[in-house]
């Protein structure tokens, strides 16, 4: 890249041109004119994730600024390029051009970055010209938004419409193009290996905190984005399926380059090739299949996708099978039974949600069984549209949706709900370990370790929460099933799952409700409200409210109440903080976790639009 010759002129405070790429920036002078001081930095960087270090290392307080009639004051500004400490030998990958303009407050400035062709225009895209152009795009966006989601027609006030528009806009803004490779551990290799390099076009849960692709998040993202732009959604899904290896495995977390790895704790970077993730892309595909106006282009897309979908589906059946026919088990649970109150199941997406206290091959996981029922139905529909053999998929769908078999394998009569099954003890807790102390020497700090007061046995896991609701959430239950009535009752119970802000993830009556999993691992899916699961809940209630059966009116009433609670609380928290959040407190409704989180929390737009 070239140097920084001046590009200033009458009416501009500052500017510069980068000659080799044919672009320039200009800072138009405000009206009335203000005095300013200008600094710039032209530096090399080992990568984008080192830019902050580069800028910090260049700062100097040797500069002096004086507003007209005011005293002279020193200020910090970028100065000369100094390599970040500790990294003198790294080859630079980025060229940073940074411009700093110091002005007295209050002031308002515009910065314009123009391509090399801007000289052929009548004038720069600033001031009133820019405002007029932006107004046209805003009007077009608002019109398209209303045509898509009909919030004005549903009676939402302008402020809530703008809230929903911001949620969608920020999810769209979180779409990114990534390139690189994951670090994977295969059962066929004793050492971690780089995964084949490739691109990924995906949305992200949070641009600041989770700036990378997550497999199970992406299916939820596409539920909203497919409503806005189905073609865009198809492209994202295709990118994800292109990351599949020959066995049908897709790494669940896409940490593709040094910049992404800089944001991830080392213990989470390595991806294991037996680890699954909820196949939520089938949710998005199910919605795309229902889109009106399906034509030859959409059919051709499905035909290109089908071999990968088939391989992916077969991988789940082969690697995540449970101990009995038509049962399933998440692989990759934490094996440390000394420190964890309940070993985590990161692969399920529900992290610390209570499972069997002692991981074993005997486990049967209810949520994965329900995901596979959904996947089987979508595979059957795609195969039938393409004229491919579909009998295998329909058979599996019918078997997994068979309510009698579902109850036989997962209904816990003593608990009165659906549940996981495994080697489990409820009598577990965390206690300080007793440490032997050498006389005259300070002893080590005692750790908080797990204590099992009663040996485990094969039984259903006593934890009422999101997992218990999965047969309802993914609509496996018949409309006349008595179990549907039981789950609706649990859902509405304030002692169990109901709050004025949404459904909590774990019932207040459950033994591990809001319990730490380790000394430093606070509850995550043990009480807080998550919007992706609440979206599935209102979607399911909307479905059962339209099915003939004894629980139709109960489902309809719960639907209206839960929908209203979700919208009101997310909007209230947005007004208070300016953000959508990762999760919400089940006691106050306050946003918590990371923010801004315009991943699946943006599904509130579909709840408002009643698009399911």
With each label point set 7 Å from Cα along the Cα-Cβ vector, what nm distance links residue 415 and residue 338? 2.9 nm
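Need one word for the chain: rounded, prolate or oblate. Basis is the Cα gyration tensor (sqrt eigenvalues a ≥ b ≥ c); a/c below 1.5 gives rounded, then a/b vs b/c decides.
Details: a/c = 1.83, a/b = 1.50, b/c = 1.23.
Because a/c hits 1.5 or more and a/b exceeds b/c, the chain counts as prolate.
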Can you work out the FRET efficiency for the pair residue 133 and residue 53, with r the C-beta to C-beta distance and R0 = 41 Å, to the nearest 0.05? 0.65
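Order these peptides, 526-533, 136-143, by their mean beta-carbon neighbour count within 10 angstrom, highest first. All intermediate terms of the calculation are to be shown ahead of the outcome.
Values: 526-533: 23.2, 136-143: 10.9.
Descending mean neighbour count gives 526-533, 136-143.
Assuming R0 = 41 Å, can you tell me the calculated FRET efficiency for the pair residue 592 and residue 121, based on Cβ-Cβ distance, to the nearest 0.05? Write down the numbers at each step before the final one.
Numbers: r = 48 Å, r/R0 = 1.17.
So the FRET efficiency works out to roughly 0.30.
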Summing -39500 (n - 2.57) over the DSSP H runs of n ≥ 4 in the chain and dividing by its residue number, what mean residue ellipticity at 222 nm do you reach, to the nearest 500 deg cm²/dmol? -11500 deg cm²/dmol
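Sorted by average packing, counted as other Cβ atoms within 10 angstrom per residue and highest first, what order do 194-200, 513-519, 222-228 take?
Numbers: 194-200: 14.0, 513-519: 17.3, 222-228: 22.6.
Averaged packing, sorted descending, gives the order 222-228, 513-519, 194-200.
Sorted by packing (mean other beta-carbon atoms within 10 Å per residue), highest first, where do 391-400, 62-71 land? Working shown, then result.
On the way: 391-400: 17.1, 62-71: 10.9.
Taking the mean over residues of other Cβ atoms within 10 Å, the ranking is 391-400, 62-71.
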If each residue of separation counts as 0.36 nm, what is the full-extension length gain between residue 208 and residue 111 once their alpha-carbon separation is subtracted? 32.6 nm
Compute the acute angle (0 to 90°) between the alpha-carbon long axis of helix 215-228 and the principal axis of greatest extent of the alpha-carbon atoms of the chain; round to the nearest 10°. 70 degrees
In nanometres, what is the gap between the two model label sites at residue 146 and residue 451, each 7 Å from Cα along Cα-to-Cβ? 6.5 nm
Helix 366-386 axis, angle to the chain major axis (alpha carbon atoms, nearest 10°): 80 degrees
Each label point is 7 Å from the Cα along the Cα-to-Cβ direction; what then is the distance between the points at residue 179 and residue 493, in nm? 5.5 nm
Computed from the beta carbon distance with a Förster radius of 45 Å, FRET efficiency for residue 299 and residue 274 to the nearest 0.05 stands at 0.85
If one takes the longest principal axis of the Cα atoms in the chain, at what angle in degrees, from 0 to 90 and to the nearest 10, does the Cα axis of helix 391-401 lie? 80 degrees
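Here, each number is a calculation from the coordinates, and none is a lab measurement. Keep in mind that this is a model prediction, so the values were computed, not measured. Reconstructed Cβ throughout: ideal geometry from the backbone, glycine too, with neighbour counts over all protein chains shown.
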